[in-house]
1. With springs only between Cα atoms under 10 Å apart, run a GNM on the chain and tell me which of 20, 264, 253 wobbles the most.
2. Leaving ligands, DNA and RNA out of it, rank 235, 41, 203, 329 by accessible area with a 1.4 Å probe, largest first.
3. Highest GNM mean-square fluctuation, the chain, Cα pairs closer than 10 Å: which of 73, 21, 37?
4. Given 20 Å bins starting at zero, what is the percent of C-alpha pairs of the chain in each, up to the one with the largest pair distance?
5. In terms of Cα to Cα distance under 23 Å, which lysines are near enough to residue 92, apart from those fewer than 8 places away along the same chain?
6. About the Cα centre, and with charges only on the beta carbon of Lys, Arg (+1) and Asp, Glu (-1), how big is the dipole of segment 6-133? Nearest 20 debye, please.
7. Per-residue HN-Hα couplings for segment 37-46, Karplus 6.51 cos²θ - 1.76 cosθ + 1.60 at θ = phi - 60°, whole Hz, x for Gly and Pro?
8. Quick one: which of 123/206; 132/323; 5/273 span more than 19 angstrom between C-alpha atoms?
Amino acid sequence: MEEKKVFVAVVAIQLVYAGYFLLTKLAFDVGMNTFVFVFYRQAAATLFLLPIAISLERKTAPPLSFSIFIKIFLLSLFGITMSLDIVGVGLKYTSASLGAATSNTLPVITFFLAVLLGMEKVKIKTSPGLMKVAGVTLCIGGVVTIAFYRGPFLKLLLHHHLIHNHLPQIQPHLPSPNTWIKGVFLMLLANLFWAFWLVLQGRVLKSYPSKLLLTTLQCFMSSIQSFVIAISVTRDPIEWQLGWNIRLLSVAYCGIVVTGFTFYLQTWVVEKKGPVYLAMTTPIIMVFTIILSALVLGEIISLGSVLGAILLVGGLYFVLWGKKKEEERERGECQPLGDAEKACGVTKGEI
């Protein structure tokens, strides 16, 4: 019964993230400024999380020293504010499906950074190590394919995109090759910042272990940072108006549902099944996003994007498989003889 609950939770998480890519892209397509959107999103997340964090962790939270404050501020600036601002511009240049596809690079980029920082090791002479290297290579191939090869276009559900009945100004369009390439590399840059956040947050948590308050503090600081950036590039009051429209829905969804709802669910899934299990379900986001984007937006998908996405997913699983087998070896779960060696991806010469 618990296995079913975990599976349902994982599907819900990935569906929420698919909705994030779709609604964010939609808000940008109706003309919302990307930097203003990030500010409103982070402000909504802060207002949602603050009372919960105070009520649950106020008494147990350690004191916030100046050095920890600076670390959290910088973590928020580079890992959240810069990452979200760059994602916004990248999505505006490309598509929701592309955003979901490139999200598969995040675990691989995180692993690569961990290796550079000495937090992970790659033993190239072992099968798991070779699988990790192969995974990184496949991901690079996937990115290059998405960026530089388009091929035939697959315009799914051409006459049934639902949103155009209500917002006729939004029509499916294909970005120019230069714009598309810029968007792809902006999405990768955003994932690089986000990967830094994932790697360095573990160190900050050792100094400030109150997870919910730490998340709330980062959202609050990110709100201030993103406001400064937005007000510096967008002075027109009309750009800041929300109203009862798709802009308000997108902000509320991303700030409350994505940040609040999925934070709890992801923590629960990791506790039950571990981080590798959650990471292995990341490609579901891409599947959901492609379906929703085709149905709602009538998004045009190229063969190159599909092939590149397949390579990205393959690279992700290669890296995760190699990491899992190395962890099994370190725990001594792999037997040193017979068929068990092959099951753990190890040969006699590698032991």
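The values are calculated or read from the model by the stated rules, or taken from the named source; none is laboratory data. Keep in mind that what you see is a predicted model, and the values were worked out from it rather than measured. No Cβ is skipped: glycine too gets one built from the backbone with ideal geometry, and neighbour counts run over all protein chains shown. Just the protein is used for accessible areas: all its heavy atoms, side chains included, with ligands, DNA and RNA removed. Shrake-Rupley method; radii C 1.70, N 1.55, O 1.52, S 1.80 Å.
1. Greatest mean-square fluctuation among the candidates belongs to 264.
2. 235, 203, 329, 41
3. For the chain, modelled as a Gaussian network with Cα springs under 10 Å, the answer is 73.
4. Distribution as computed: 28, 58, 14, 0 percent.
5. Leaving aside lysines fewer than 8 places away in the same chain, those within reach of residue 92 are 25, 155, 182.
6. Working: 10 positive and 4 negative charges, 80 e Å.
Around 380 debye, computed over segment 6-133.
7. 4, 4, 4, 4, 4, 5, 5, 5, 5, 5
8. Numbers: 123/206 28 Å; 132/323 7 Å; 5/273 11 Å.
Flagged as over cut-off: 123/206.
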